[in-house]
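Undergrad: Take a look at the following structure, please.
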Amino acid sequence: MLSVLPRSLLGPLALTIAIGLGSATMAQTPAAPKVSVAAAYTQMISDQATFIGRGQAIDKVDIRARVNGFLEERLVNNGAEVSEGELLFKIERSAYEATLDAQKANLAKAEANLELKIVEYARKEELFQRGSVPAAERDTAKANEKVAEAEVRSAKAAVRQAELNLSYTNIDAPFDGRIGAVQVSRGDVVSPDGAALVTLVREAPIFVSFALNEKEFVNVLEKLDVAANELSDSDRKPKVYVDLPNGRRLDEVGEIAFADNRIDPTTGTITLRARFANTRGFLIDGAFVSVGIEALEPVERVLIPQAAIQRDQRGDFVLVVGAQNTVEQRYITSGDQVETAVIVEDGLREGESVIVEGLQRVRPGVKVDAVLSGQAGE
């Protein structure tokens with residue numbers, strides 16, 4: 001059996017229910033999400049143009065034998081540092097010493113013959129002056145003297161060649177550097193036509209070579225505000241930086257040492273070389289590195305923390321917090337990275353706030369409770 005409430009109780013009960021429902025609705029209204037923001041700021045930045053480069057030794061040579069013979073001594077180890085003039089290999093000398101002795105004997109014989117021919121010509125000249133011999137005999141004696149003189153010169157040249165060949169049995173380092181793997185062993189027969197004995201590379205200083213196409217080259221000249229001949233000029237040389245294969249920037253600044261004067265028709269590129277001291281040997285001949293050329297004068301650029309940048313199919317964008325604390329999606333053109341910040345080429349002005357933390361909790365159009373991050377403008 002149902003009980004019926006008195007009508008006098010229905011009004012207060014309805015009011016109580018209405019108040020309760022209103023309180024529940026107010027309790028369900030979400031608070032604005034908290035986000036951390038950073039202001040876009042400006043900084044004087046020296047623009048860089050970045051390219052792929054390759055280490056190139058200033059001096060590099062395949063050391064070869066200059067005479068034939070048995071390798072008598074190997075005086076250097078694989079990978080050793082050597083100095084200019086240091087003895088690396090010895091080729092057996094006995095055959096070349098014997099040849100030198102023989103050539104010296106030939107020279108002595110030629111010189112003795114020349115002395116004889118000089119005496120004969122003098123005698124013939126005296127007899128000719130007395131009318132005792134015809135001019136033909138005097139002329140023949142003179143010709144024989146000249147032949148003897150030529151034989152002496154030839155013998156002297158043979159001696160010098162024999163001395164050179166003997167000197168070539170000692171193989172020295174032509175410059176300071178570090179050798180690679182030695183390709184021969186004691187007792188091997190070596191010759192000028194054979195394989196290289198070892199490769200010697202001067203590691204410091206070193207070049208880093210890189211190639212630019214025509215458009216890139218013109219862009220670099222415009223960006224650096226220099227003429228082509230000023231790239232290697234002492235007063236207008238731009239700074240050059242290198243990022244090593246492990247991503248770390250080399251703690252040395254290089255300078256443009258050479259810019260070619262023509263575009264290679266086969267590749268459509270122009271070659272530039274930067275010179276680095278390479279005191280710690282981090283740059284290696286043949287290694288690929290990232291090369292950056294810095295502008296001569298810095299310019300003011302807008303930067304934001306890298307954490308603020310997101311990307312979709314249209315490109316890079318940031319979430320900007322406007323004057324009413326409302327989130328706006330803004331597409332930007334981003335440039336180079338500067339430590340933990342990124343240059344904004346277009347899309348933001350100095351002072352505009354971008355969200356750097358709490359991105360996953362917001363969307364364009366919502367209001368947020370923004371707190372300054374402190375990451376900007378360090």
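The values are calculated or read from the model by the stated rules, or taken from the named source; none is laboratory data. Note that the structure is predicted; figures quoted are calculated from it, not measured. Glycine also receives a Cβ, built like all others from the backbone with ideal geometry; neighbour counts cover every protein chain displayed. In case anyone asks, the SASA skips ligands and DNA or RNA and just uses the protein heavy atoms, side chains included. Shrake-Rupley method; radii C 1.70, N 1.55, O 1.52, S 1.80 Å.
Undergrad: Go through Asp264, Asp225, Asp235 for me and flag whichever is at positive phi and either modelled with pLDDT of 95 or more or not hydroxyl-bearing (Ser, Thr, Tyr) (or both).
TA: Asp225
Undergrad: Taking Arg311, is it free of Cβ contacts under 8 Å to residues at least 12 places away in the same chain, out of contact with any helix residue (DSSP H, G or I) (no Cβ under 6 Å at 6 or more places or on another chain) and farther than 22 Å from Lys239 by Cα?
TA: Judged against the criteria, Arg311 is a match.
Undergrad: Of all strands (runs of 3 or more DSSP E) completely enclosed by region 249-319, which ones contain at least 2 residues that are of a type in the set (Ser, Thr, Tyr)?
TA: Where strands (runs of 3 or more DSSP E) fall fully within region 249-319 and carry at least 2 residues being of a type in the set (Ser, Thr, Tyr), they are 269-276.
Undergrad: Give the residue, chosen from Asn113, Asn78, Asn106, that is closer than 30 Å to Glu203 by Cβ and among the polar types (S, T, N, Q).
TA: It is Asn78.
Undergrad: Quick one: is Val226 more than 30 Å from Asp62 (Cβ to Cβ), open to solvent by less than 50 Å² (accessible area, probe 1.4 Å) and not in a strand (DSSP E or B)?
TA: Spelling it out, Val226 is indeed more than 30 Å from Asp62 (Cβ to Cβ), open to solvent by less than 50 Å² (accessible area, probe 1.4 Å) and not in a strand (DSSP E or B).
Undergrad: Still on this structure: Select from region 329-346 the residues that are of a type in the set (A, V, I, L, M) and either in contact with a helix residue (DSSP H, G or I) (Cβ under 9 Å, 6 or more places away or on another chain) or surrounded by 17 or more Cβ atoms within 10 Å (Cβ to Cβ) (or both) and write down the one among them that is farthest from Ser373 (Cα to Cα).
TA: Residue satisfying both the conditions and the ranking: Ile332.
Undergrad: Would you confirm, using the coordinates I've provided, whether Ala181 is loosely packed, with under 13 Cβ neighbours inside 10 Å, out of contact with any Phe, Trp or Tyr (no Cβ under 7 Å at 6 or more places or on another chain), assigned to a loop (DSSP other than H, G, I, E, B) and not polar (S, T, N, Q)?
TA: Here the answer is yes, as Ala181 does meet what is asked.
Undergrad: Determine if region 146-168 includes at least one residue that is in a helix (DSSP H, G or I), over 25 Å from Tyr96 (Cβ atoms), among the charged types (D, E, K, R) and open to solvent by 70 Å² or more (accessible area, probe 1.4 Å).
TA: Looking for residues that are in a helix (DSSP H, G or I), over 25 Å from Tyr96 (Cβ atoms), among the charged types (D, E, K, R) and open to solvent by 70 Å² or more (accessible area, probe 1.4 Å), one finds at least one in region 146-168, hence yes.
Undergrad: Residues in region 192-217 that are open to solvent by 30 Å² or more (accessible area, probe 1.4 Å) and among the hydroxyl-bearing types (Ser, Thr, Tyr): how many?
TA: So the count comes out to 1.
Undergrad: Looking at region 129-146, I want the residues that are farther than 24 Å from Asn113 by Cβ and have a partner that is of a type in the set (Ser, Thr, Tyr) and assigned to a helix (DSSP H, G or I) with Cβ atoms under 8 Å, at least 6 apart or on another chain. Which pairs are those?
TA: Pairs found: none.
Undergrad: Answer yes or no as to whether Val220 is touching a residue at least 24 places away in the same chain (Cβ under 8 Å) and either under 27 Å from Glu300 (Cβ atoms) or open to solvent by less than 30 Å² (accessible area, probe 1.4 Å) (or both).
TA: Spelling it out, Val220 is indeed touching a residue at least 24 places away in the same chain (Cβ under 8 Å) and either under 27 Å from Glu300 (Cβ atoms) or open to solvent by less than 30 Å² (accessible area, probe 1.4 Å) (or both).
Undergrad: Condition (residue is within 30 Å of Gly180 (Cα to Cα), among the aliphatic types (A, V, I, L, M) and at pLDDT below 95) applied to region 27-47: is it met by at least one residue?
TA: Looking through region 27-47, none of the residues is within 30 Å of Gly180 (Cα to Cα), among the aliphatic types (A, V, I, L, M) and at pLDDT below 95.
Undergrad: Also, quick follow-up: Could you tell me whether any residue of region 268-279 is open to solvent by less than 20 Å² (accessible area, probe 1.4 Å) and of a type in the set (Gly, Ala, Ser)?
TA: Checking region 268-279: at least one residue is open to solvent by less than 20 Å² (accessible area, probe 1.4 Å) and of a type in the set (Gly, Ala, Ser).
Undergrad: State which residue is modelled with the lowest pLDDT when the search covers only region 352-375 and only residues that are within 29 Å of Met44 (Cβ to Cβ) and open to solvent by 50 Å² or more (accessible area, probe 1.4 Å).
TA: Gln375
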